[in-house]
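Right, one structure below, let's go through it.
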């Protein structure tokens, strides 16, 4: 059996505890041909120091999903600044002969470029320096099943028109509870929808792969043969960049496939939190940008009066009554206002 080369990209921002648990689960997978790139997005905590300590074997990761292994420690790290990575690296020979679970590539961004451009930086480096067959984007607050990558690649290899494959995603705190079981775009609401959210697997659950509309950026196996189509539109910063990429690929005749035989677990919204000013600003802003780029006229007719005006008014009642925090409503309103300012020509299509 041949094993196509996969480059795994993990974005870290002030989250080293989650990141080293994710890394340890990755370094125990059965798939033998992968590189791991950790892009640190300008962390202001001790993330880089702690991740290096983990790689040296000085931090023993504890998890309910696996037993820590010291057999692959120390893990050899090669480091780049963002500028060095964008130029194509140059130190790859230092780790070329090491097995996949004994090496790590660290890119240190000088500031927080957001989820979209942070991952783009890692992907641009990977395509220049590593020449992978696939790129796997993976949230740092996840833990993976040992067979997850092999299952994703197996499906991706079955059809050259498959652009992205995604796994089934469970909740970290309730390991049998589903967070994502495939996805679709609801154009009337102007947002991607996770199917099966908050449901549980039943006996005899069908693990047959199926074509879908939306794969969450939490975990995406991307076919690099799509060339420039692999990148996110950096205008989003965070949220909706994954939906944007999925719609773009579908319109370019690529297939998106959900494979429930591949499984990971996700700590939901660890980096920003659903009820944070950050989330509400970018959700309000980016949903409008997304609709401006892709929605049909019939959807926009209802979206703007009902999902913009009423949502803004409703946010003050919702956040004021339920959370006693009008800052969240103001953040959402600022996002909507900024989203309305954007024109299609501002976006990278």
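The table below gives the values:
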quantity: Criterion violated by residue 217 - all others in (1) in contact (Cβ under 8 Å) with a residue 60 or more places away in the chain; (2) surrounded by fewer than 21 Cβ atoms within 10 Å (Cβ to Cβ); (3) touching a strand residue (DSSP E or B) at 6+ places or on another chain (Cβ under 9 Å) satisfied; calculated: (2)
quantity: Matching entry among 118, 166 (being part of a helix (DSSP H, G or I) and within 17 Å of the chain's Cα centre (by Cα)); calculated: 118
quantity: Of residues in segment 183-211 being closer than 20 Å to residue 287 by Cα and in a loop (DSSP other than H, G, I, E, B), the one nearest to the chain's Cα centre (by Cα); calculated: 195
quantity: Matching residues in segment 283-305 - criterion: being surrounded by fewer than 13 Cβ atoms within 10 Å (Cβ to Cβ) and part of a helix (DSSP H, G or I); calculated: 297, 298, 301, 305
quantity: Breaking point among (1) surrounded by 19 or more Cβ atoms within 10 Å (Cβ to Cβ); (2) part of a strand (DSSP E or B), for residue 79; calculated: (1)
quantity: Complete set of residues in segment 62-76 that are closer than 18 Å to residue 9 by Cα and not in a strand (DSSP E or B); calculated: 75
quantity: Among the residues listed as 141, 201, the single one being closer than 28 Å to residue 21 by Cβ, touching a helix residue (DSSP H, G or I) at 6+ places or on another chain (Cβ under 7 Å) and touching a residue at least 24 places away in the same chain (Cβ under 8 Å); calculated: 141
quantity: Search result, residues across segment 37-61 that are more than 21 Å from residue 146 (Cβ to Cβ), touching a residue at least 60 places away in the same chain (Cβ under 8 Å) and outside any loop (DSSP other than H, G, I, E, B); calculated: 39, 40, 41, 48
quantity: Test: residue in segment 12-30 that is part of a strand (DSSP E or B), surrounded by 23 or more Cβ atoms within 10 Å (Cβ to Cβ) and either over 19 Å from the mean Cα position of the chain (by Cα) or touching a residue at least 12 places away in the same chain (Cβ under 8 Å) (or both); calculated: yes
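No lab work stands behind these numbers, since they all come straight from the coordinates. Quantities reported herein were computed from a predicted structural model and do not represent experimental measurements. Note: ideal-geometry Cβ built from the backbone for every residue, glycine included; neighbour counts use all protein chains shown.
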